[in-house]
Every structure is written in C-alpha cells, then in structure tokens.
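Report on the following structure.
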Amino acid sequence: MPSLSKRHKIELIAVGVIALFFIVIFPLLNAQGVVSNFTINLWGKYLCYALLAISVDLLWGYTGLLSLGQALFFSLGGYMMGMYLMRMIGDLGQYKKPIPDFLVFLGWTELPEFWVPFASFPFAAAMMMVVPGLLALVFGFLAFRSRIKGVYFSILTQALTYGASLMFFRNDMLMGGNNGFTDFKFILGYDLRDAVTQRGLFIATAVTLLVVYAALRLLSYTKFGLVQRAIRDGENRVLFSGYATAHFKLFIFLVAALIAAVAGALYVPQVGIINPSEMTPDKSLEAVVWCAVGGRATLVGPIIGAISVNALKSWASRAAPDYWLVILGGLFVVVVLLLPGGIVSIPDRLKALWKRLFKKSSVPASDSTPSA
C-alpha cells in the first residue's frame, strides 16, 4: 500500500472523529433525551442514502460507469427485508389473519410458497444479498460481455429499473402492489416502535457505512483500485495492456449492487415502508445528483452530498414542497457549471483563490522596488 498523502491523513482523522460522534455520542444524546427519536430516525435514513450514494460513486466516480439503476438493487434489498418484517406481523394485522393484509385483500387464505421461508431472518438476510447480487451478476455479465458502455449502459440500467418497478406495481406479483409493505411491528423479536430498537438500527447503519467506507478506501490503494481508475480514464489502453476489463467492471458492478442492497435492507425498518416507487428511475437520478453535489470519486463526497441534499429536501418539503424538483434541478446545474468537483472541492478552490490573491498583492510590491 502506498504511503498516505497529507490530504488522505486529514480525511481519515476527520472520518474517525465523525464516526465516533455518530456511533457513540449521537445515540447517547438520544438515550438522554437531548436528541429526539424523530431526529435519530431521520439521520438513520440519511446514512442509508449515503450508502446508496457510495455505491453510485463506486461505479460512476471510480470506474466511469454511470448506472441509473442503483435504486433497483436498493429496493430489492429493502423488499427482502420487508418480506421478513411482514412475516413478523403474524396475526396482528388489520384482518387478524396469519398472512399479510394485502394477501387477504387479494382473496388469499394461505401464504404463497415463496413467502414461507421468510419467517427466518438468516434466510431473509441471505436473500438480501442473493437476489440483488444474482440480478447484478446476470445483467452485468450480459452488458459488459457485449461491451456496452457510456450512455448506452446508462439507458439500459434505467430501462432495467423502470421495467422492474412496473412489475412490482402489479398485484399478481404478490409483493404488495402499489402500496408495497408497511405497518411493520417487530424485528428479531424487538418492537420497531421502541426507541431502543430504532437507536440500534441507527448504530448498525452508521457502523455499516464506516465499514463500507474503510473497505473501499483500502481497495482504492490496491492495484485493483489503480486498474479501476485506469478503466475510467482510458479503457482501451487497459485492454491493450492485457487486462480483462469486463471482469473488473462485473466485479465492481456486483459489489456496488450489494452495497445498495444492504442500504435498502437497513432503510426499510427505519422508514417503515417499501413500495415500487423506490425503484423508479428518478430515485436513481437523485442518487447521481447526491454524488455530483458532494463530489464524485472521493468516497467522502457522496456521503456529504447524500446528507446535505436530503437535509435540504426535508426543509423544502415543509417550506416549499411544490418547488423541490426545481431546487434539485437548479442545484445540479449550478454544481455542474460552477462547482464540478462538488462540495469537497471547496477547500482546494478557496486555497487556490487565496494563493492567487496573495500572489497578486505581492507582485506590485516587488515591481515597485527601484532598480539600481
């Protein structure tokens, strides 16, 4: 591993301090009543979005693959968790039947076969990885084997998530249709409405985000990370150097899908709902905006972007709900035109501006020195 630059050392120290705050101090403040349950729940959602943004950045920022379908893997992970949570409701639903309410509404009297194993959390947890991972593996194999890239790859991933959302909207999928899954009550025997449970989910999300960040940071220092960035900057050169770029891209696409799936699985019990609207293309586009705003190819940038944009969205949903899409679009345009490096590039820009101003102010003084 190469020696760390000063910038990366500062970044690691900052990440360590922030992680300590979110994993230890923030939950303690909630336990003491200083931070409300609503706030910790809201920040849990932000951190899940940060995980989704990192998965987009791994593809777009580090590999040059603009995927517009990451929301699909996010939602599939969420749906697998949702199926487990729906089984945990038992006969406490509105119809007092041992099957989910939407199945009763559709005329079912018994549980469909594929729902039965989801009473087991280990099985559901395995499916959170297997289902999105298998889809990513098959889709990525076909796409990269056919050398699909650039805008065609973006359109194809967008079509994939759009098609999947249309399927999940159908009631005959037996996945809740338009309404999806909601009214969750228990997870691993703990009441989801209990503040302690929500606090535990928040800590689990923060730890997961830290682990993913650390793993990807280590990966970026390895030879694999160098090849990954080389593919982004000039794939043909990497091909001519003897590397099978399709295999690299397939592996990265799979890892990004699994990160998004984990984010979705953590998101559902904290937000309390999952439905097909979460996998529509506009959700994936939002994640792309988070990366652009925070600064892509930086790991920290997507986290900052996801949190800041969603905090802005929370404010706009109260102050100006009709103008949110205008604000989001305007923000994206401003970042692309005026701040292409995102929020994380602001310190470097200020530093460069300071040096330029200082240099300009010092030049006249030296020029004014009379010659001998």
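The values are calculated or read from the model by the stated rules, or taken from the named source; none is laboratory data. In this text the structure is predicted, and so the values were computed from the model without any measurement. So basically every Cβ, Gly included, is an ideal-geometry build from the backbone, and we count neighbours across all protein chains shown. Ligands, DNA and RNA are stripped out before the accessible areas are found, and what is left, the full protein with its side chains, is counted by its heavy atoms. Shrake-Rupley method; radii C 1.70, N 1.55, O 1.52, S 1.80 Å.
For the residues 341, 163, 33, a GNM of the chain with alpha-carbon springs under 10 Å puts the largest fluctuation on 33. Net length available on complete extension from residue 308 to residue 323 is 3.7 nm, with 0.36 nm assigned per residue and the Cα-Cα distance removed. Volume per residue of the convex hull around the Cα atoms, evaluated for the range 180-293, comes out as 137 Å³. The range 4-124: D in µm²/s via Stokes-Einstein (Kirkwood Rh, Cα pairs, 37 °C, 0.692 mPa s)? Once the numbers are plugged in, D ends up at 179 µm²/s. Placing dummy labels 7 Å off each Cα toward the beta-carbon, the span from residue 17 to residue 116 is 5.6 nm. Short-range pairs are left out: with C-alpha atoms under 8 Å and at least six residues apart, the relative contact order of the range 174-317 is 28 percent.
Of all complete DSSP H helices in the chain, those with a Cα span along the helix axis of 18 Å or greater and a mean Kyte-Doolittle hydropathy of -1.0 or more are 6-20, 37-63, 70-89, 121-145, 151-169, 195-221, 245-271, 281-294, 300-319, 324-338, 346-367.
Over the chain, dividing the summed -39,500 (n - 2.57) contributions of all DSSP H runs of at least 4 residues by the number of residues returns a 222 nm mean residue ellipticity of -24000 deg cm²/dmol. Using the Cβ-Cβ distance between residue 204 and residue 240 with R0 = 41 Å, the FRET efficiency computed as 1/(1 + (r/R0)^6) comes to roughly 0.35. Taking amide H as placed 1.01 Å from N in the peptide plane, the amide H of residue 186 sits under 5 Å from that of 192, each at least 5 places away or on another chain. Full extension of the segment from residue 137 to residue 179, taken as 0.36 nm per residue of separation minus the current Cα-Cα distance, would add 12.2 nm. Length gained on full extension, residue 334 to residue 190, computed as 0.36 nm times the residue gap minus the Cα-Cα distance: 47.3 nm. Which one, 59, 210, 29, has the greatest fluctuation when you compute a Gaussian network model over the chain with C-alpha springs under 10 angstrom? Maximum among the listed residues: 29. Diffusion coefficient (Stokes-Einstein, Kirkwood radius over C-alpha pairs, 4 °C, 1.567 mPa s) for the range 66-211: 76 µm²/s, rounded to a whole number. Every Cα-Cα pair in the chain was counted, and those over 40 Å apart are 20% of them.
Rolling a 1.4 Å probe over the protein heavy atoms of the range 97-156, with every protein chain left in place, gives an accessible area that is 72 percent carbon and sulfur. Comparing 277, 241, 67 in a Gaussian network model of the chain (Cα springs below 10 Å), the most mobile by mean-square fluctuation is 241. Based on C-alpha pairs under 8 angstrom that are at least 6 apart in sequence, the chain has a relative contact order of 30 percent. Summing Lys and Arg as +1 and Asp and Glu as -1 over all other residues whose Cβ lies under 11 Å from the Cβ of residue 328 gives a net charge of -1.
Considered as an equivalent ellipsoid built on the Cα gyration tensor, the range 303-353 has semi-axes of 24, 12, 8 Å, the largest given first. Per-residue 3J(HN,Hα) values for the range 100-115, derived from phi via the Karplus relation 6.51 cos²θ - 1.76 cosθ + 1.60 with θ = phi - 60°, read x, 4, 5, 6, 4, 4, 7, x, 7, 10, 10, 6, x, 4, 6, 7 Hz in sequence order (x marks Gly and Pro). By accessible area, using a 1.4 Å probe on protein heavy atoms only, the range 177-328 has 65% of its surface on carbon and sulfur.
Distance between the modelled labels on residue 146 and residue 170, one decimal in nanometres: 2.1 nm (7 Å Cα→Cβ projection). For residue 67, nonlocal amide neighbours, meaning residues 5 or more places apart or on other chains whose placed amide H falls under 5 Å from its own, are 60. With contacts taken as Cα pairs under 8 Å and at least 6 residues apart, the range 90-132 reaches a relative contact order of 18 percent. The residues of the chain expose on average 51 square angstrom of accessible surface per residue, using a 1.4 Å probe on protein heavy atoms.
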